[in-house]
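The structure appears right after this line, and notes come after that.
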Amino acid sequence: MTTIVTAVLILLLLALVFGLILGFAAVRFRVEGDPIVEQIDALLPQTQCGQCGYPGCRPYAEAISNGDAINKCPPGGQSTIEALADLLDREVVPLDSEHGEEQPKTVAYIREDECIGCTKCIQACPVDAILGAAKQMHTVIVSECTGCDLCVEPCPVDCIDMLPLPVTPTNWKWPAPVSDPNLILTDRGRGHLLQGGSQ
Amino acid sequence: MTRLYSFHGGVHPPENKRQSLGAPIRQAPLPARLILPLQQHIGKPATPLVAVGDTVLKGQKIAEPSGHVSAAIHAPSSGSITYIGLQPVPHASGLESPCIVIETDGQEQWIERQPLTDYQQLDKQALIRHIRNAGIAGLGGAGFPTDIKLNLGRDHIVNTLIINAAECEPYITADDALMRERPDEILSGIEIIAHLLQPSHILIGIEDNKPNAIKALRDAIRARKLPIDLVVVPTRYPSGGEKQLIQLLTGIEVASGSIPADVGIVCQNVGTAAAIYRAVILGEPLISRIVTLTGFALGHRQNYEVLIGTPFSVLLESAEVDRSRMFRLVMGGPMMGISIEDDRIPVIKTTNCIIAATREEMPPSPPAQPCIRCGMCEQVCPASLLPQQLFWFAKGREFDKARHHNLFDCIECGACAYVCPSNIPLVQHYRFAKSEIRNEEAEQLKAAQARERFEARQARLAREEQEKEQRRKERAEAAAREQARKKAEAEQADAGEQDPEAELKKLKTAASIARTKLKKARDALKNAQEKGLDGTDKLEATVLQLEQSAQAAEQAWQNATGVQH
């Protein structure tokens, strides 16, 4: 009888001690925010374009962590979907075309002669990349522009173009080596389809 | 004699150096136009100091370094600035980049030179500033601004200075020619570097295929007091790689991701040493360099002293190029150089060799065949990497894995591709993977920046909203206070009967109202009595009451008027 009582008491005591430790740890080492949201947010391209239907990348990250689909981000494209699928252990799915197509990176460009200085694009820019004041010409800080095209719609005189980023020696990339279709020596000169009919 | 160590791998490609060593260094002709790219070095592009239309003198600074890692640019000859803008530059992409174009006037009129012959008495920082102002960047090929390597500060103690004279790449003989003809310039430059770094020993590493240069240097060293060891190393490509030469001469392997200065070693090219001599002793900034012009499509295969900015086409003409035989134009050597399409591009600080090759000399590369996993690439890799693994990862776009296999330690020497029996363009694959990774990193950096700006904007909007709310609340409070104050005033006025006139008026009004009411009540009563209606008693009571109040009001008014008058 006493052994049972002792055992029960010891277990109760242990439960109490560990409960206190856990309780203390929960307060002391409290994690601010949801770490998974941070991780998802880090994978998103931070264009802040809202094409996913959420006002910015972080809200979409929160939505994904609550179970929303991972294929709503056109600027991120397939590589982002793959990275998200990898992180969340979900199925890789093609981009949902309802939210847009994957397009080459662009930056906004204001045709400055036509700008009337209405500041509407400045208010629309999610990353404050447009510089200007009322009745003054506006201009885009190219290095800060994410290419979200949110400024195009509000412009009353349609003077904003989305132009592809110019390739300079600084951001130029080495192309992937292409394998020669003339691999089989005795077959050279045949198979014009493969060679694009150039020879 | 110092002990010689060894590095992993290496190859022995045909040297092809002899054809450009038959004649001494020749002065290249002065071109009509000099094209000076703002970016000729590693780091940030220089900022122009001149405008179109300005006249410049030879040696005048026309662009200054922007930021820590950057280099100045000087006018290589006198003339006028005709254009500042995009021009084709020597870059693998073949793209255009900002340049300053000088129309030369043929006068070669120097700006006043400012030599520092007494540099030993000078402050070291002043000397380093002078070298920085001379626009010197590593002439060996990478173009790293030299002043940074000489200004290491207190966190790096330099005990060994290595002068890289290996020049291991086939065809190139620019350093060889310089050592043969101007060993004293090199040694004076080494003296200046040694004065700045105070190393405990100085080593010159040179390959044994340059006996004339070895002899010239040895004679020059003997004439000086400097404790320099001339170490002759066996010819094996790429012994001239910085980390490979360090390992060859000292046995120390510079760790992945660190620089030689972390192990107390600084490496400088012989050409850079000569340029430092010219900058300090003669006061001439870096405006020319030695370029090897070789290849069997040229009539004169030899080394030229070329002004920076001279277009390739001018040099090729001067070397009597046979364009019908020229099949490939290569900038740099056959191992690490790049084929170029446009010969209008200029010589820059890092251009050491131009090869105009015939078809027989550099035939088109045979098609790549599948990797047979022979492992020869691994045996020759001087950086002890696994080229085959890196190839798979690059081809399969598994860039993370490639990075974990130390892709960025690859010096792109081309030894693996040279030995590959399947002719796989391995270096191209690595370059592709590297630029993809760099691009991804740049994008991530940009994304982080965008996130920061987005969050800052959100915070600002929230703050503005809150401030607006605050102001609205304050306004509402102020209005409420104002109303309360007015009310209180009115009450006070009521209670204090401050104004006798108003009081009198009020009493008069009250009396007249009471009279009217009484009259109306009397009329109603009379009417009711005439018609014989019920409830006249009630009306009678009201009339009585009104009579009383009317009397009281009349009395009050009478009293008040009495008081007043």
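Burial here means at least 30 square angstrom less accessible surface with every protein chain in place than with the chain by itself, probed at 1.4 Å; in segment A:25-64 the buried residues are A:Gln46, A:Gln48. Placing unit charges on each Cβ (+1 for Lys and Arg, -1 for Asp and Glu) gives chain B a dipole about its Cα centre, and among B:Gly143, B:Ser97, B:Gly251 the Cα reaching farthest toward its positive end belongs to B:Ser97. Note on B:His12: accessible area approximately 130 square angstrom, rounded to 10, probe 1.4 Å, nucleic acids and ligands left out.
Take every Cα pair under 8 Å whose residues are at least 6 apart in sequence, average their separation, divide by the length of chain B, and the relative contact order is 15 percent.
With a 10 Å cut-off around each Cβ of B:360-373, the average count of Cβ atoms from other chains is 2. For segment A:74-89, 3J(HN,Hα) computed residue by residue from phi via the Karplus equation (6.51, -1.76, 1.60; θ = phi - 60°) reads x, x, x, x, 5, 5, 5, 4, 5, 5, 5, 4, 5, 5, 9, 6 Hz, glycine and proline entered as x. The residues of segment B:1-59 present an accessible area of 54 Å² per residue when probed at 1.4 Å with all protein chains retained. The string of couplings for segment A:135-146 from the Karplus curve (6.51, -1.76, 1.60, θ = phi - 60°) is 6, 10, 5, 9, 8, 9, 7, 4, 5, 9, 5, 9 Hz, one whole number per residue in order, with x for Gly and Pro. Relative to the Cα centre, the charge distribution of segment B:500-564, modelled as +1 at Lys and Arg Cβ and -1 at Asp and Glu Cβ, gives a dipole magnitude of about 220 debye. Over all other residues within a Cβ to Cβ distance under 10 Å of B:Asp343, the charged ones net out to -1, with Lys and Arg as +1 and Asp and Glu as -1. Think of segment A:35-99 as a dipole: +1 on every Lys or Arg Cβ, -1 on every Asp or Glu Cβ, centred on the Cα centre; then among A:Ile36, A:Leu87, A:Pro59, A:Pro59 lies furthest on the positive end.
Only helical runs count toward this figure. For chain B, summing -39,500 (n - 2.57) over DSSP H runs of n ≥ 4 and dividing by all residues gives -13500 deg cm²/dmol at 222 nm. In this structure the amide hydrogen of A:Gly50, modeled in the peptide plane, comes within under 5 Å of the amide hydrogens of A:Gly56, none closer than 5 places in sequence on its chain.
Counting charges near B:Ala279 (Lys, Arg +1; Asp, Glu -1) among other residues having Cβ under 14 Å from its Cβ returns a value of +3.
Among the trypsin sites (Lys or Arg not before Pro) in segment B:49-116, those placed in a DSSP loop whose Cβ has at most 13 other Cβ atoms within 10 Å are B:Arg113. Only protein heavy atoms count here; under a 1.4 Å probe, B:Glu477 has an accessible surface of about 100 Å². Ordered by solvent-accessible area of protein heavy atoms (1.4 Å probe), largest first, the residues B:Tyr277, B:Tyr237 come out as B:Tyr277, B:Tyr237. When only the Cβ of Lys, Arg, Asp and Glu is charged (+1, +1, -1, -1), the dipole of chain B relative to its Cα centre reaches about 480 debye.
Each residue was assigned an accessible area with a 1.4 Å probe, and for A:Phe18 the value is about 110 Å². Computed from backbone phi, the HN-Hα couplings of segment B:84-91 come to 10, x, 6, 9, x, 10, x, 8 Hz, rounded to whole numbers (Karplus: 6.51 cos²θ - 1.76 cosθ + 1.60, θ = phi - 60°; Gly and Pro given as x).
DSSP finds beta bridges in chain B, and of those with both partners inside it, around 60 percent are antiparallel. Selection among B:Ile206, B:Leu38, B:Ser384 by position relative to the dipole of chain B gives B:Ser384 as farthest towards the positive end (Cβ unit charges, Cα centre). Applying a threshold of 28 Å to the alpha-carbon distances of B:Lys215/B:Lys243; B:Lys17/B:Lys124; A:Lys173/B:Lys210; A:Lys72/B:Lys44; B:Lys61/B:Lys215; A:Lys135/B:Lys44 flags B:Lys17/B:Lys124; A:Lys173/B:Lys210; A:Lys72/B:Lys44; B:Lys61/B:Lys215; A:Lys135/B:Lys44 as lying beyond it. When each of the peptides B:398-406, B:94-102, B:465-473 is scored by how many other beta carbons lie within 10 Å of its residues on average, the order from highest to lowest is B:94-102, B:398-406, B:465-473.
Interface of A with B. Using a 1.4 Å probe and counting protein heavy atoms only, the two chains hide about 2700 Å² of accessible surface, both sides summed.
Annotation: amide H-H contacts under 5 Å for B:Gln40 (H modelled 1.01 Å from N, sequence separation of 5 or more, or interchain): B:Ala46. Only aspartates and glutamates eight or more places from B:Lys225 in sequence, or on another chain, were considered; those with a Cα closer than 20 Å are B:Asp118, B:Asp184, B:Glu185, B:Glu191.
The share of accessible area on chain B that comes from carbon and sulfur is 51 percent, using a 1.4 angstrom probe.
Inter-chain Cβ neighbour count for B:394-403, averaged per residue, equals 1 (cutoff 10 Å, partner chain atoms only). Taking packing as the residue-averaged number of other Cβ atoms within 10 angstrom, the listed peptides B:28-37, B:43-52, B:265-274 run from highest to lowest as B:265-274, B:28-37, B:43-52.
Normalised by the number of residues in chain A, the average gap of Cα pairs under 8 Å and 6 or more apart makes the relative contact order 14 percent. Each peptide in A:164-175, B:124-135 was scored by the mean count of other Cβ atoms within 10 Å over its residues; highest first, the order is B:124-135, A:164-175.
The shape of segment A:56-187 comes out oblate: with a ≥ b ≥ c from the C-alpha gyration tensor, a/c is at least 1.5 while a/b does not beat b/c.
Accessible-area rank, largest first, for B:Arg475, B:Arg182, B:Arg522: B:Arg475, B:Arg522, B:Arg182, with all protein chains present and a 1.4 angstrom probe.
Amide H to amide H, with H built 1.01 Å from N, B:Ala137 comes under 5 Å of B:Thr146, counting only residues 5 or more places away or on other chains. Put A:Glu114, A:Glu32 in order of accessible area, highest first, and with a 1.4 Å probe you get A:Glu32, A:Glu114. Note on B:450-461: average number of Cβ atoms from other chains within 10 Å of each residue's Cβ is 6. Counted by Cβ distance under 15 Å from B:Pro65, the other residues give a net charge of +4, where Lys and Arg count +1 and Asp and Glu count -1.
Taking the Cα centre of the protein assembly as shown as reference, the dipole from Cβ charges on Lys and Arg (+1) and Asp and Glu (-1) amounts to some 940 debye. Note that segment A:104-166 presents 55 Å² accessible area per residue, ligands and nucleic acids not counted, probe 1.4 Å. Once both labels are positioned 7 Å from their Cα atoms along Cα-to-Cβ, the gap between B:Lys520 and B:Asp155 label points is 9.7 nm.
The values are calculated or read from the model by the stated rules, or taken from the named source; none is laboratory data. Computed from a predicted model, the values in this text were never measured in an experiment. Please note: Cβ atoms are built from the backbone with ideal geometry, for glycine as well, and neighbour counts cover all protein chains shown. Only protein heavy atoms, including side chains, enter the accessible area calculation; ligands, DNA and RNA are left aside. Shrake-Rupley method; radii C 1.70, N 1.55, O 1.52, S 1.80 Å.
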